[in-house]
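The values are calculated or read from the model by the stated rules, or taken from the named source; none is laboratory data. It should be emphasised that the depicted structure is a prediction, and the values quoted were computed from it without experimental measurement. Note that we place each Cβ from the backbone using ideal geometry, even for glycine, and neighbour counts take in every protein chain shown.
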């Protein structure tokens, strides 16, 4: 899971070159948009296309017509993700409790191999209660682990059995080189920003003694005082400190939510960690212990799944946002309304800054299955997978136990039929699906026009199953708050919540049937849309996913009732 969206870095990278990237929108679920509710926008995804002219999932329509339905069965939804805000007001009574486990007595009361797992498990945890903060990206691990096999070799020197592995190594090596170059340049630019920021603040006090300026006021000041000569539009060097440049520095800072020197220093610290940890061959993140190397079912960790760090741009928000969409309390008249009321969220932690380990992914799936989850939400992903077989075996374990897996398609804006994105129900060496209990979800916006598919969303006629709303979604965030955010990470829990709702009323359906119901009942849109990352190219919306549809709760519940009667 990457720390921040690429555009966020790009804005800062070119500060000293006066590149204006303010028109860009947030494209991942790690950069929050606002905490202000905005009328209809804050629940647009729950609306109905025919009744409201908004391409939502028709959730409100179903609830309005089913106010007197009999009590539903409680469904456990595992959220494999980051830590979660267990004390959030809108998640009270919605978190799974392992009733067979006595809290914090240091004993594995239920004998499941996990001591004191009262609310879930943290596979990144240490015995002292702490947790892994930084992981390397998977492509760095591949370059490190396979370097001795393939370094300095040409394709002609590789035996046929190792050809795919060799090509993955080359792809990983290229990405590592590109990312290192980009982030090191960004870090250099940010450090200049740190140096000049005190001067910026001091200069602006002349115009705003109370430092109460807004972006619009700075923009007016910038246009008034900027140097009006032919050389002004040219790129400047890092020592440029004229008044226009100083004003522009603060405009950029305000646009990306960094008003204080402490904000800038924190960002410098985070970026330094990306360069020197997540992208470093030398940095050794938590390695595999002896049990993990043998890939036994039980792995290390602790029971600390609760986040206590509330930075609005960090991953600590992620699980809370995802869980809020699935199961925020619908009856407490505060905050938001989740898709399904009769759910319990099972938090399972495997995500930190960097990429998830395949052994953690597999172990988390098995933990969820063994402890009663019917739906597993996986709003994380990576472009490489070092141990795909471990993960695929876990899929099959879930399939055997009639558990549905739901995965976010990713925010790279590419075709997942051509560009690998993991975890996936295909292994890309053999493109056939390995299981029938896996749904991959892309993101749409509220605009029924050429911008219907979110510009950041991955897509694929073969490997992406359907779309759901994932653009400007209002949801719960850590620190007992709420915010808008965007990303396929928020589209996937729409499907997970719908699956839980279906099962809560029709518990005899199989995971395969629930998947088919969700795909078949979606709403079709006969429009042409811009292909994400396609540089202006268009395609029929129906050609960007297997179903060619958008999630529709109302139709899914109707179809589920028909199928269950059969």
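Here is a yes/no grid of residues against (1) at pLDDT 95 or above; (2) within 19 Å of the chain's Cα centre (by Cα); (3) not in a loop (DSSP other than H, G, I, E, B):
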| residue | (1), (2), (3) |
| --- | --- |
| 308 | no, no, no |
| 319 | yes, yes, yes |
| 322 | yes, yes, yes |
| 331 | no, no, no |
| 335 | no, no, no |
| 345 | yes, yes, yes |
| 348 | yes, yes, yes |
| 364 | yes, yes, yes |
| 369 | yes, no, yes |
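Quick one: in the stretch 396-425, of everything that is more than 20 Å from the chain's Cα centre (by Cα) and crowded, with 21+ Cβ neighbours inside 10 Å, which residue is farthest from residue 519 (Cα to Cα)?
Step by step, filter the stretch 396-425, then rank; the result is 398.
With respect to the numbered conditions (1) exposed (fewer than 15 other Cβ atoms within 10 Å of the Cβ); (2) at pLDDT 85 or above; (3) assigned to a helix (DSSP H, G or I), which one is the sole condition not fulfilled by residue 224?
(2)
Being in contact (Cβ under 8 Å) with a residue 24 or more places away in the chain, closer than 24 Å to residue 392 by Cα and out of contact with any strand residue (DSSP E or B) (no Cβ under 9 Å at 6 or more places or on another chain): is that true of residue 359 here?
yes
Given the residues 465, 449, 425, which is the only one that is over 20 Å from residue 323 (Cα atoms), out of contact with any strand residue (DSSP E or B) (no Cβ under 7 Å at 6 or more places or on another chain) and in the same structural domain as residue 305 (by TED's automatic domain parsing)?
449
Scan the stretch 494-508 and give yes if some residue there is in contact with a helix residue (DSSP H, G or I) (Cβ under 8 Å, 6 or more places away or on another chain), modelled with pLDDT of 95 or more, more than 24 Å from residue 307 (Cα to Cα) and not in a helix (DSSP H, G or I), otherwise no.
Yes.
Can you say whether residue 190 is assigned to a helix (DSSP H, G or I) and within 30 Å of residue 243 (Cβ to Cβ), as far as the supplied structure shows?
Yes: the conditions hold for residue 190.
Here is a yes/no grid of residues against (1) outside any loop (DSSP other than H, G, I, E, B); (2) over 27 Å from the mean Cα position of the chain (by Cα):
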site: 98; (1), (2): no, no
site: 127; (1), (2): no, yes
site: 149; (1), (2): yes, yes
site: 185; (1), (2): yes, no
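Identify all residues within the stretch 73-85 that are surrounded by fewer than 23 Cβ atoms within 10 Å (Cβ to Cβ) and either under 19 Å from residue 492 (Cβ atoms) or under 19 Å from the mean Cα position of the chain (by Cα) (or both); write none if there are none.
76, the sole residue that qualifies.
Can residue 283 be described as in contact with a helix residue (DSSP H, G or I) (Cβ under 7 Å, 6 or more places away or on another chain), at pLDDT 70 or above and not assigned by TED's automatic domain parsing to the domain that holds residue 201?
Numbers: in contact with a helix residue (DSSP H, G or I) (Cβ under 7 Å, 6 or more places away or on another chain): yes; at pLDDT 70 or above: yes; not assigned by TED's automatic domain parsing to the domain that holds residue 201: yes.
Answer is yes for this residue.
Which of (1) under 30 Å from residue 393 (Cα atoms); (2) without any contact (Cβ under 8 Å) to a residue 40 or more places away in the chain; (3) within 17 Å of the chain's Cα centre (by Cα) is the odd one out, the single condition residue 520 does not satisfy?
Failing condition for residue 520: (3).
Would you confirm whether or not the stretch 161-175 contains a residue that is under 31 Å from the mean Cα position of the chain (by Cα), loosely packed, with under 13 Cβ neighbours inside 10 Å, without any contact (Cβ under 8 Å) to a residue 12 or more places away in the chain and in the same structural domain as residue 269 (by TED's automatic domain parsing)?
yes
When you go through (1) part of a loop (DSSP other than H, G, I, E, B); (2) surrounded by fewer than 24 Cβ atoms within 10 Å (Cβ to Cβ) one by one for residue 380, which number turns out not to apply?
(2)
Looking at residue 264, is it in the same structural domain as residue 71 (by TED's automatic domain parsing) and either touching a helix residue (DSSP H, G or I) at 6+ places or on another chain (Cβ under 7 Å) or modelled with pLDDT of 90 or more (or both)?
no
In this structure, is residue 243 more than 30 Å from residue 279 (Cα to Cα), at pLDDT 85 or above and over 28 Å from the mean Cα position of the chain (by Cα)?
Details: more than 30 Å from residue 279 (Cα to Cα): yes; at pLDDT 85 or above: no; over 28 Å from the mean Cα position of the chain (by Cα): yes.
Considered against the rule, which asks whether it is more than 30 Å from residue 279 (Cα to Cα), at pLDDT 85 or above and over 28 Å from the mean Cα position of the chain (by Cα), residue 243 comes out as no.
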